[in-house]
Amino acid sequence: MTYLVIARKWRPQTFEDVVGQPHVTRTIQNAIRLGRVAHAYLFTGARGVGKTSVARIFSKALNCEHGPGPVPCNECSNCREITQGNSVDVLEIDGASNRGIDNIRELRETVRYRPAKSRYKIYIIDEVHMLTTEAFNALLKTLEEPPEHVLFLFATTEPHKIPSTILSRCQRFDFRRISTQQTVDHLADIARREGAGLSEAVIYAVAREADGSMRDAQSLMEQLLAFSGDGLSDEEILDVLGVVDRRSVHRVAEAVLAGDVRTCVDVVSDLHRRGIDSRRFCQQLCDHFRNLLLVALGADGGGALDIPESEREMLKRSTAGTTAESLYLCFQMILKAEEEIRRSTLPKIALEMLLLRLTQLPRLETIDGVLDTLRRIEGRLGEGLPGAAAALQPAVRKPVARESAVAPQSPRPETRHPDEAREPAAPSPAAREPSRPAGPFVPEETAARWPAFLAQLRDRDPVLAAKLTGSRIVGASETGVEMEVLEVYQDTFKEPQALAKLTAAAAAYFGVELSWTLRGRSTMDERDDGQEAKRSRSQARRTIMEHPVVLQALEILGGELLEVKVRKPDRKNQSRDGTDPGASAPLE
């Protein structure tokens, strides 16, 4: 007898032997048992998941000499002929080779004849989606009302190509991909029956490479049995097969998390030498980081991971030194790069660049971790810098006119980066003493002294100074001032709290409490006011950068100040006494 490959030798012969399709086999067995067998069935699913095998078992169950029954005997002449593929009453037709209308017309002519020796005349059409539109149309009437002794079994991997008129005349069964664990168990059973000693790691590698297809797994198993006869090690067997071994995936993942560039380059070179597809390796690496993320989040139970227990323990050790945020960022980058590697003309270099980028990623912290760090900063500032901890929270500033004492200057933080060489920090805006009036208030000099007042106000209250950008004095008296402001800020100074702050600041500078008459100004001198706005932003940024609280936060967090934003007043959050707790805070 000629040698049979594993895929044919260990092909399922009963419904119980079918792996991973209980929803299909149970339904068909019940239909046979209850006598509710339809005249047309459509089996869909990926390659190698058992569609044709189930069709043959179904045919044996119906035409068995001891049946029909849910379990064929596999001993009678009908069962043996169907198993061997030479039954005159069970015709297997290749849809790719017999796809024309003439073939279907021939089929229609033979349908009318009764089976030679069996109960049913069964037509198994594989890859039925390859039939032409004309062929499908010619089959419609026969498929809808076939003779009582005829049964159609269609199998396809692409059901979307089948016309809806055909689909509506069939009972459809969608075959699932076979899980990795079920494939591993089945391959281990075959290896035991064949007397082959294969390690669990090799069988898992083959099952992953099969990607849910039992026939692909059995074909790789066939090669394994041939190669292992020479006493090869696991690494040599996988090298010969061209299968991505998990050891390389684990090495790269550990190197990425540790920032080890040299190991990543070495592994990619080794994969290229062995002829491993870079895209396939990227897919395996993506799956590995997915498993790492599940373990880090504690969602690895309930069959979410199809991996051996030894690898599960290794994943737990790998996640101990990283965070879920970092793992998710790596996963996203690998997932995006997989498509780039597939399209690239230099996949090896593309994979190397991906791994190099991953090794240079910063370590991300969780939100809870950042909050804990900020609490520690607040505690340290509260101990070493009087009043600095309170500066981290929004505070309501008192009007300047009521301040009688100079706020204490915050000391320079002693801890600093060894490479940093900064000038001595300037005192914070809150700690600067307001300028005293240079002399008695002269109304005629108000317009001339107004730019100096704005310059002094930028150090004390940058937000208020920004709102006064482009303003000018158009008239003054002993008790009042007439001022023009930009129209966008006119409504702002109609609010009591904003006007009170302006009055207090002017009183501290001019030495007299003034009343204000405001007029809107639609345009402004772009040259002068543009330069004034630039100076205002530059001064605000310099003041914030030199603030000891900011320096302490940047030093502890290891961060960098990229942008300074002015907080807009929020009327909803104003306190009951009319003050705006966020109006005086220059940072968000």
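Name the residue, out of Ala253, Ala299, Ala258, Ala320, that is surrounded by fewer than 20 Cβ atoms within 10 Å (Cβ to Cβ), small (Gly, Ala, Ser) and modelled with pLDDT of 85 or more.
Values: Ala253 fails: surrounded by fewer than 20 Cβ atoms within 10 Å (Cβ to Cβ); Ala299 fails: modelled with pLDDT of 85 or more; Ala320 fails: modelled with pLDDT of 85 or more.
After ruling out the rest, the residue left standing is Ala258.
If I filter segment 340-372 down to residues being of a type in the set (D, E, K, R) and part of a helix (DSSP H, G or I), which single residue comes out as modelled with the lowest pLDDT?
Pass one, segment 340-372, residues of a type in the set (D, E, K, R): 340, 342-343, 348, 352, 357, 363, 365, 368, 372.
Keeping just the survivors that are part of a helix (DSSP H, G or I) gives 340, 342-343, 348, 352, 357, 368, 372.
Working: Glu340: 89, Arg342: 88, Arg343: 88, Lys348: 89, Glu352: 91, Arg357: 90, Asp368: 69, Asp372: 75.
My answer is Asp368.
Report yes if some residue within segment 170-177 is among the basic types (Lys, Arg) and touching a Lys or Arg at 6+ places or on another chain (Cβ under 9 Å); otherwise report no. Can you show your working first?
Going through segment 170-177, the residues among the basic types (Lys, Arg) turn out to be 172, 176-177.
From what's left, touching a Lys or Arg at 6+ places or on another chain (Cβ under 9 Å): none.
Among the residues of segment 170-177, not one is among the basic types (Lys, Arg) and touching a Lys or Arg at 6+ places or on another chain (Cβ under 9 Å), which makes the answer no.
Please give the number of the condition Tyr41 fails out of (1) crowded, with 19+ Cβ neighbours inside 10 Å; (2) assigned to a helix (DSSP H, G or I).
Every listed condition holds for Tyr41 apart from (2).
Go over the candidates Val244, Val240 one by one and state the one that is modelled with pLDDT under 85 and within 28 Å of the chain's Cα centre (by Cα). Show your work before the answer.
On the way: Val240 fails: within 28 Å of the chain's Cα centre (by Cα).
None of the others qualify; the one that does is Val244.
Residues are listed down the side, and each one gets a yes or a no for (1) among the charged types (D, E, K, R); (2) without any contact (Cβ under 8 Å) to a residue 40 or more places away in the chain; (3) more than 21 Å from Arg172 (Cβ to Cβ):
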residue	(1), (2), (3)
Arg11	yes, no, yes
Gln21	no, no, no
Thr27	no, no, no
Leu34	no, yes, no
Ala38	no, no, no
Phe43	no, no, no
Gly48	no, no, no
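Among the residues of segment 5-26, are any in a loop (DSSP other than H, G, I, E, B), assigned by TED's automatic domain parsing to the domain that holds Glu145 and aromatic (Phe, Trp, Tyr)?
Yes, because at least one residue in segment 5-26 is in a loop (DSSP other than H, G, I, E, B), assigned by TED's automatic domain parsing to the domain that holds Glu145 and aromatic (Phe, Trp, Tyr).
From the set of residues in segment 185-220 that are without any contact (Cβ under 8 Å) to a residue 24 or more places away in the chain and either surrounded by 22 or more Cβ atoms within 10 Å (Cβ to Cβ) or in contact with a helix residue (DSSP H, G or I) (Cβ under 8 Å, 6 or more places away or on another chain) (or both), which is farthest from Asp306 (Cα to Cα)?
Only one residue tops the list, namely Leu220.
Check segment 167-177 and report whether any residue there is surrounded by 16 or more Cβ atoms within 10 Å (Cβ to Cβ) and among the aliphatic types (A, V, I, L, M).
no
Can you name the number of the only condition in (1) surrounded by 20 or more Cβ atoms within 10 Å (Cβ to Cβ); (2) under 21 Å from Pro362 (Cβ atoms) that Val268 fails?
Tallying (1) surrounded by 20 or more Cβ atoms within 10 Å (Cβ to Cβ); (2) under 21 Å from Pro362 (Cβ atoms), Val268 fails exactly one: (2).
Which residue, of Glu352, Glu313, is surrounded by fewer than 16 Cβ atoms within 10 Å (Cβ to Cβ) and of a type in the set (Asp, Glu)?
Numbers: Glu352 fails: surrounded by fewer than 16 Cβ atoms within 10 Å (Cβ to Cβ).
From the options Glu352, Glu313, the qualifying one is Glu313.
Can you name the residue in segment 218-232 that is at pLDDT 70 or above and not hydrophobic (A, V, I, L, M, F, W, C) and is also farthest from Ala7 (Cα to Cα) among such residues? If you could, list the steps in order and put the result at the bottom.
Kept after step one, since they are at pLDDT 70 or above, are these residues of segment 218-232: 218-227.
Imposing the further condition that a residue be not hydrophobic (A, V, I, L, M, F, W, C) reduces the set to 218-219, 222-223.
Working: Gln218: 5, Ser219: 7, Glu222: 8, Gln223: 12 Å.
The qualifying residue farthest from Ala7 (Cα to Cα) is Gln223.
With the requirement that a residue be surrounded by 14 or more Cβ atoms within 10 Å (Cβ to Cβ) and not small (Gly, Ala, Ser), what does segment 151-162 give you? Before the answer, list the steps.
First pass over segment 151-162, keeping only residues surrounded by 14 or more Cβ atoms within 10 Å (Cβ to Cβ): 151-157, 159, 162.
Leu151, Phe152, Leu153, Phe154, Thr156, Thr157, Pro159, Ile162, listed by residue number.
Looking only at helices (runs of 4 or more DSSP H) that fall completely inside segment 405-518, which ones have 2 or more residues that are surrounded by 13 or more Cβ atoms within 10 Å (Cβ to Cβ), modelled with pLDDT of 80 or more and in contact with a Phe, Trp or Tyr (Cβ under 7 Å, 6 or more places away or on another chain)? Full working, then the answer.
Details: elements: 446-460, 462-467, 487-490, 496-510.
Passing ranges, in order: 446-460, 496-510.
Just the residues that are over 57 Å from the mean Cα position of the chain (by Cα) and buried (at least 17 other Cβ atoms within 10 Å of the Cβ), please, taken from segment 108-122.
none
State whether one or more residues within segment 318-334 are part of a helix (DSSP H, G or I), under 25 Å from Ala201 (Cα atoms) and touching a residue at least 60 places away in the same chain (Cβ under 8 Å). Before the answer, list the steps.
Of the residues in segment 318-334, the ones part of a helix (DSSP H, G or I) are 318-321, 324-334.
Then keep just the ones that are under 25 Å from Ala201 (Cα atoms); that gives 318-320, 327, 331, 334.
Narrowing the set further to residues that are touching a residue at least 60 places away in the same chain (Cβ under 8 Å) leaves 318.
Yes; the residues of segment 318-334 include at least one that is part of a helix (DSSP H, G or I), under 25 Å from Ala201 (Cα atoms) and touching a residue at least 60 places away in the same chain (Cβ under 8 Å).
Do any helices (runs of 4 or more DSSP H) entirely within segment 88-207 hold 2 or more residues that are not assigned by TED's automatic domain parsing to the domain that holds Gly45, and if so, which?
Details: elements: 101-111, 133-144, 164-167, 180-194.
Ranges flagged: 180-194.
The values are calculated or read from the model by the stated rules, or taken from the named source; none is laboratory data. For clarity, every value in this text was computed on a predicted model and none was experimentally measured. Every residue, glycine as well, gets a Cβ built from its backbone with ideal geometry; the counts of neighbours run over all protein chains shown.
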